[in-house]
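Single-structure report; data block below.
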């Protein structure tokens, strides 16, 4: 699953009961959302409303009016165990523009999309990060640890998995609030980040998503600091031409590797 591309969307349903007005759907497990550039928001809204009509037997709220575009994304973990979302008896899906989305849960964060602000998703999930794999962490002033679950490419389309590994490159982009920190660590043993019922999420200023580690459910990861051996882009100040060259060179390398 590491670096697996998917699309996610949050449908806004004003008439839904409290806590269900943001219905989360994503393509993970169904497809890699290869046609994400052609996806039309209204088609997804229409598909949802025709599938989950008023009084539908599936228990999902009806009357979606709009959605939050939250794609493309790439997962960061290595394995996942996801149970059937709370309130349903089966995995529920919809089809839009030939892309299949599955119901994940409800996001009850009123400040969703506001960087470094907690939101909540009802889920029963275990994200597994293998021994020796990298984890990307946020630490807030209260000592809460958040481990990245996915990175976004809709804020910065050029962002790559390799970029995340370079702390010196990432920190200027993240606009971290006072007291927050971003680190990259390499696990010395397997780490399972577990959510039962409610997962606490945070997004950074690039839209990357992190899930808070609940010490009552997960053992804090045993890891060592990681230093990327791949040089990142040259700092912007006084090096505009060099930055452009670095980006083009990286694009050529990626193209050749593909």
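We did not get these values from a lab; they are worked out from the coordinates using the rules stated. Just so you know, these numbers come straight off a predicted model, no measurement behind them. Here Cβ is always computed from backbone atoms with ideal geometry, including for glycine, and neighbour counts include all displayed protein chains.
Here are a few things to note about the model shown:
- Zone residues, region 123-137, relative to residue 51, backbone N less than 15 Å from point 7 Å out along Cα-to-Cβ: none
- With coordinates expressed along the principal axes, the C-alpha atoms belonging to region 1-40 extend over 34, 23, 14 Å, beginning with the largest.
- Shape of region 97-168, Cα gyration tensor, a/c cut at 1.5: rounded
- Helix 41-51 vs. the chain, principal-axis angle (Cα, 0 to 90°, nearest 10): 40 degrees
- Report summary: the helix-based calculation at 222 nm, which adds -39500 (n - 2.57) for every DSSP H run with n ≥ 4 and divides by the residues of the chain, gives -4500 deg cm²/dmol.
- The Cα atoms of region 24-169 give a gyration tensor whose axes a ≥ b ≥ c have a/c of 1.5 or more with a/b greater than b/c, which makes the shape prolate.
- Interatomic Cα distance distribution for region 123-223, bins of 10 angstrom, percent: 15, 50, 32, 3
- Anisotropy class of the chain from Cα gyration tensor, a/c 1.5 cut: prolate
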